[in-house]
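So the structure is just underneath, and the comments pick up after that.
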Amino acid sequence: GIGTVMALANRKPELIHFVISAQGIRIKNNLYPYGEISSFSLKDDAEPYKLMIESNRLIFPNLIVPLGDIDPDQIRDYLDNFLLETPFEESILDKISEQLGF
């Protein structure tokens, strides 16, 4: 119910292990090859910095990864070789999904 979502929304985001390589972006145990990603966005105007990828998957197509202390410019420089960057626009559904760990 609403109470559950509200309570979960107050949690701190969990630490998420991710790897960006020539094969794609691995988030937790899932590899997202560049062919399945339509674009990426970086929230780099204020902390916490975040990477959002827009995939072609039907379930949770937008994935948001908190960057912690990683320099977003380094991520941008690398991903620019593989993907189109779009402006960062986080919807309320994205915020809820992020808090739930999806």
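Could you look through region 57-84, keep only residues that are open to solvent by 90 Å² or more (accessible area, probe 1.4 Å) and under 21 Å from residue 29 (Cα atoms), and pick out the one that is modelled with the highest pLDDT? Before you say what the answer is, go through the steps one by one.
First, the residues of region 57-84 that are open to solvent by 90 Å² or more (accessible area, probe 1.4 Å): 58-59, 69, 74, 77, 81, 84.
Next, from what is left, pick out any that are under 21 Å from residue 29 (Cα atoms): 58-59.
Numbers: 58: 82, 59: 79.
Among residues in region 57-84 that are open to solvent by 90 Å² or more (accessible area, probe 1.4 Å) and under 21 Å from residue 29 (Cα atoms), the one modelled with the highest pLDDT is 58.
Scan region 46-56 for residues that are open to solvent by 80 Å² or more (accessible area, probe 1.4 Å) and either part of a strand (DSSP E or B) or free of Cβ contacts under 8 Å to residues at least 12 places away in the same chain (or both) and the total you get is 2.
For residue 40, which of the numbered conditions (1) modelled with pLDDT of 95 or more; (2) among the hydrophobic types (A, V, I, L, M, F, W, C); (3) part of a loop (DSSP other than H, G, I, E, B) fails to hold? Residue 40 satisfies every listed condition except (3).
The values are calculated or read from the model by the stated rules, or taken from the named source; none is laboratory data. Nothing here was measured: the structure is a model prediction, and the numbers come from that model. Neighbour counts run over all protein chains shown; Cβ positions are idealised from the backbone, glycine included. Ligands, DNA and RNA are stripped out before the accessible areas are found, and what is left, the full protein with its side chains, is counted by its heavy atoms. Shrake-Rupley method; radii C 1.70, N 1.55, O 1.52, S 1.80 Å.
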